[in-house]
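One structure is given below, encoded as structure tokens.
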Amino acid sequence: MKIAVIQTASLPYEKAKINYFLSILRAKKVKLVLIGEYVLNLFFKDLENTPIKFIKEQSNHQIELFKKLANKYNITIVAPVILVKKDKLYKTIIKFSPKSVRFYYQQILMPYSHWNEKRIFSTVKNKPLIFKIENFTIAILSGFESHFDEFWNYFRQKRVDLVLVPSVATFTSNERWEKMLSTFAFLNNCYVLRANRVGSWKDWKFYGESFLANPDGKIIEKLKDKEELLIYDISKKDVKEAKKEWGFMNSRKNLKEFLCND
């Protein structure tokens, strides 16, 4: 199955560029595309000083647009969008398919002094979004949430083949991201597709370098620091072979029995 990342800067009202990218993906018969964080909305540092009404209008516009685009290009689009409900902001990741729209509300928000999303966003309890395309079981996870084992344990129980991680990263964090997500790909013998945005906010540069890690934990496709597409044909056979070769599932069953017999 062919999957893709659209690596781009912010596209708050840009129709021509997204249509251009999606027309290329349709020609290449891509089934699923991932977009990074704060691409369809303003960066959260700008959202802090933006009227709620404007954020709501922008998000509603994007949701309606991407519903139409998913249907027009017969492709599933996964993209983060800021929702507004009763004057509260929510970080969500939306799955736009040709026939339906599903929402995942981010559960864990960044709490740091320089990057405090927890202060401006609210949360709604919901389980990670898992869905199927062809014979692949696919999960969605926000960039910050990918640091937590609990999500990966849940995906393992659900036998997820591909984890989609939209992110927005800056400074010198890329090596850490690559090591972390490729390790989780290996330990769970699944593909991990990470989409990062490019562009900048003041002196913060978003460096791109979106990548795909395979079920053996190797980064097999990677972009640079400009607007471009990542396209790759993933294989269910590779997932099955990695799980069989490493046998982590069977070993975990034995370990669970051992640890529970106190």
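The values are calculated or read from the model by the stated rules, or taken from the named source; none is laboratory data. Since the model is a prediction, treat every value here as computed from it, not as a measurement. Backbone-built Cβ (ideal geometry, glycine too); neighbour counts: all protein chains shown.
Can you name the strands (runs of 3 or more DSSP E) wholly within region 83-154 that have at least 1 residues being surrounded by fewer than 18 Cβ atoms within 10 Å (Cβ to Cβ) and in contact (Cβ under 8 Å) with a residue 40 or more places away in the chain?
Details: elements: 88-96, 101-105, 130-133, 136-140.
The strands (runs of 3 or more DSSP E) meeting that bar are 130-133.
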Seminar exercise, completed: Pairing a residue in region 214-241 that is within 15 Å of Asn188 (Cβ to Cβ) and touching a residue at least 12 places away in the same chain (Cβ under 8 Å) with any residue that is assigned to a loop (DSSP other than H, G, I, E, B) and of a type in the set (A, V, I, L, M, F, W, C), where Cβ atoms lie under 7 Å and the two sit 6 or more apart in sequence or on different chains, gives Pro215/Cys190; Ile234/Met1; Val239/Cys190
For this session: Scan region 86-97 residue by residue and report those that are at pLDDT 95 or above and more than 17 Å from Val168 (Cβ to Cβ).
Result: Lys88, Lys95, Phe96, Ser97
For this session: Check whether at least one residue in region 63-74 is more than 22 Å from Phe144 (Cα to Cα), surrounded by 15 or more Cβ atoms within 10 Å (Cβ to Cβ), out of contact with any Gly (no Cβ under 8 Å at 6 or more places or on another chain) and hydroxyl-bearing (Ser, Thr, Tyr), and report yes or no.
Result: yes
